[in-house]
Amino acid sequence: MPTSILNSPGLRRLDFNLLVGLPQMLLSCGTATVGTLFIFWVTQAYAKPSATNCLSVVSWLWVAASFTLIVVRNLIYAKLKNTLTGTDSGLSGVTLSPIQKPLIQGQHVNFGQAIPQRAAAAIASGLIWGAASLLFFNEVSDEGQHFLLLALVTLTFTSMPSLYASQWGFLALWAPAWLPNILFHSSGNHANVYLVSALITLTAGMTVSKGIRMALSQMMKRHNIWIDQVIASKHQAIETEAIAKATKEMAYQHKMFLLGAGHDLAQPIHTMLNCLGSFEKRIEDMERFGGPLNSMRTAASVLQRLCKDIIQLEQINSGLHKAECKPISLQFMFEKVIDQTLHLSRCKYLTVWSRGTNAVVRTDPFLLERILRNLVENAIRYTSAEGKVMLVARSAGDAINIEVWDSGAGISPATQQRLFEVFERGDNPGPQKGFGLGLSIVKGLATSIGGTIAVKSIPGKGTRFRLSLPKADIGSAELEAIETSPLLPSINGMWITLIEDNDNLRTSLVDYLRLEGATVLAAKDSASMVSQLKECNERIDILITDWNLRGESGEDAFRKLLSEVPGFYPMWIVISAAIHPEQAGEIQARGVPVLNKPVEPTVLRDEIARRRNLSMNPEHP
């Protein structure tokens, strides 16, 4: 039965009628069949020699009428069961429409109404069974008369369940079965017997009818209570599912908002850093303008760090970081991070160095670089001028410990306990106030590559951060393929195409790359770039595309150029602030670097130089 039907108490009666009616109807019809055959047997076995009805066609006609009535009663029940299927305006979906004047309504049993077919069947049954007594009683022996009387009492009483214990239904059956016989035999020898039997049958039937009626009422109440519980449970499940869906949608919108905000913030910051890089190359009087330019770069770097931290933290919380592990030389990684943070350490006259190591780990190089760079930048930020920062790798049982030491002011024991929590800035003695996101990001990234992060610090002496990674068995073939530290070539003389829909950022990137000696063709979309490339006969070395262009993705633009420009097959670099990490992973798996905006000009230049080095040394990974 459709659940929508259960929501309507007025329709529940149909389910209840069918549930109770089937066994009761089978009992009633079975009793009537046995009773008919029993009465026919009595008329044949105990008939007097002078009998006319018992030994004639009358007995056979009576049997036929009785069986016809049984069939008609079954048809009436079938009509109740096979109700029409339709729709109800108050309920959704398909529901059942009960027939007219049902016996049970809502949570109450209504025995005061009945369908006409039921009443007709009750009266007809009483007339047929009463007629058996009128036709055959005086034509059988005394023993046969007792059997006929017993059959009449039994048939009257056992037919009651088919009428759902309704007192009016029992009276409709009892009256035609007994009243004619009481009147017919009132002056005979069996008047008292008929009267007593009729009264006993009537009293017992009415009493049992009342009891069954009360029992059915209780059953109906329990039935409705159970249905109400089912409905309540379903509604609760629907509400819970709706809440879960709404929460998931809110989380998705929150994530997309942060990624979108990061993209929108990245564009102007990226432009600002590129312009600063161009100014530094053009300005000759750095003694006069170096201070303001350095302040502007510091402010832009702070905004850049905040933008990256927010996006990285959201990606970690969303479980979007997918580690891609491969063997990595820690010495190469140390040198790379030191080189990337050299401009920060020089400003404070710090010494940043690494203890030589031949340790190799199997992890994600991109994520490990993020972790170490974040730790080294923190160490530089909170170490006073002319201090020291050191990177060390140590073997410790089944793990490799990567440590970043500094000679800064140290961290109090109380602060160390909550240092990796979001927005925890620690004692923060440095001149630049952080946002409290960096170390929480470090912890999330360490977990994503299967490592652990810990801190130990002595106030006034310095701090040590330790990243522990599991050791891994690395074969000789993999050791030979491990990346070392090649000297990056200049990008002077390279032909570069740039597709970026942000006008300011596109202009600043073109300006910076041209100052580095490259020839740059730039456009806001692939269609504009196609026309430029068809007029240019030079071999293009690098294609740089934003991932989120207007009306197309960076890959769409790349494929369009490949298909429409003959001989165009450059190395591809993607820059974006809102690319999904899974998409970025798929692109990087194809050997295409993905740089997150805002990207520093030097980082972009180094990546272009790395692509050039790869093209000149294809055997180098």
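The values are calculated or read from the model by the stated rules, or taken from the named source; none is laboratory data. Source: prediction; values computed, not measured. Every residue, glycine as well, gets a Cβ built from its backbone with ideal geometry; the counts of neighbours run over all protein chains shown. All accessible areas refer to the heavy atoms of the entire protein, side chains included, with ligands and DNA or RNA removed. Shrake-Rupley method; radii C 1.70, N 1.55, O 1.52, S 1.80 Å.
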For region 551-581, which positions are free of Cβ contacts under 8 Å to residues at least 40 places away in the same chain, part of a loop (DSSP other than H, G, I, E, B), farther than 17 Å from residue 505 by Cβ and in contact with a strand residue (DSSP E or B) (Cβ under 9 Å, 6 or more places away or on another chain)? 568
Exclusive hit being modelled with pLDDT under 75, out of contact with any Pro (no Cβ under 6 Å at 6 or more places or on another chain), within 22 Å of residue 38 (Cα to Cα) and not in a loop (DSSP other than H, G, I, E, B), set 176, 180, 161: 161
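Residue by residue, here is whether (1) modelled with pLDDT of 70 or more; (2) open to solvent by less than 80 Å² (accessible area, probe 1.4 Å); (3) closer than 30 Å to residue 547 by Cα holds:
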{"site": "228", "(1), (2), (3)": "yes, yes, no"}
{"site": "231", "(1), (2), (3)": "yes, yes, no"}
{"site": "241", "(1), (2), (3)": "yes, no, no"}
{"site": "269", "(1), (2), (3)": "yes, yes, yes"}
Mind checking whether some residue in region 582-596 is of a type outside the set (A, V, I, L, M), surrounded by 18 or more Cβ atoms within 10 Å (Cβ to Cβ), in contact with a Ser or Thr (Cβ under 9 Å, 6 or more places away or on another chain) and more than 17 Å from residue 369 (Cβ to Cβ)? no
Among the residues of region 590-611, which ones are at pLDDT 80 or above and not in a loop (DSSP other than H, G, I, E, B)? 594, 595, 604, 605, 606, 607, 608, 609, 610, 611
Which residue pairs have Cβ atoms closer than 7 Å, lie 6 or more positions apart in sequence or on different chains, and pair a first residue in region 370-393 that is closer than 12 Å to residue 442 by Cα with a second residue that is assigned to a strand (DSSP E or B) and open to solvent by 10 Å² or more (accessible area, probe 1.4 Å)? 375/465; 376/352
From (1) open to solvent by 60 Å² or more (accessible area, probe 1.4 Å); (2) modelled with pLDDT under 85, pick out the condition that doesn't hold for residue 426. (1)
Looking at residue 614 and the list (1) among the aliphatic types (A, V, I, L, M); (2) open to solvent by less than 50 Å² (accessible area, probe 1.4 Å); (3) modelled with pLDDT of 85 or more, which single condition is not satisfied? (3)
I want to confirm something. Restricting to region 55-86 and keeping residues that are in contact with a strand residue (DSSP E or B) (Cβ under 7 Å, 6 or more places away or on another chain) and surrounded by 12 or more Cβ atoms within 10 Å (Cβ to Cβ), which single residue is modelled with the highest pLDDT? 55
Any residue at all in region 430-442 that is open to solvent by 40 Å² or more (accessible area, probe 1.4 Å) and either modelled with pLDDT of 85 or more or over 46 Å from the mean Cα position of the chain (by Cα) (or both)? yes
Looking at (1) farther than 17 Å from residue 492 by Cβ; (2) open to solvent by less than 10 Å² (accessible area, probe 1.4 Å), which is the only condition residue 567 fails? (2)
Filtered residues of region 507-550 (kept if surrounded by 18 or more Cβ atoms within 10 Å (Cβ to Cβ), of a type in the set (Ser, Thr, Tyr) and not in a helix (DSSP H, G or I)): 545
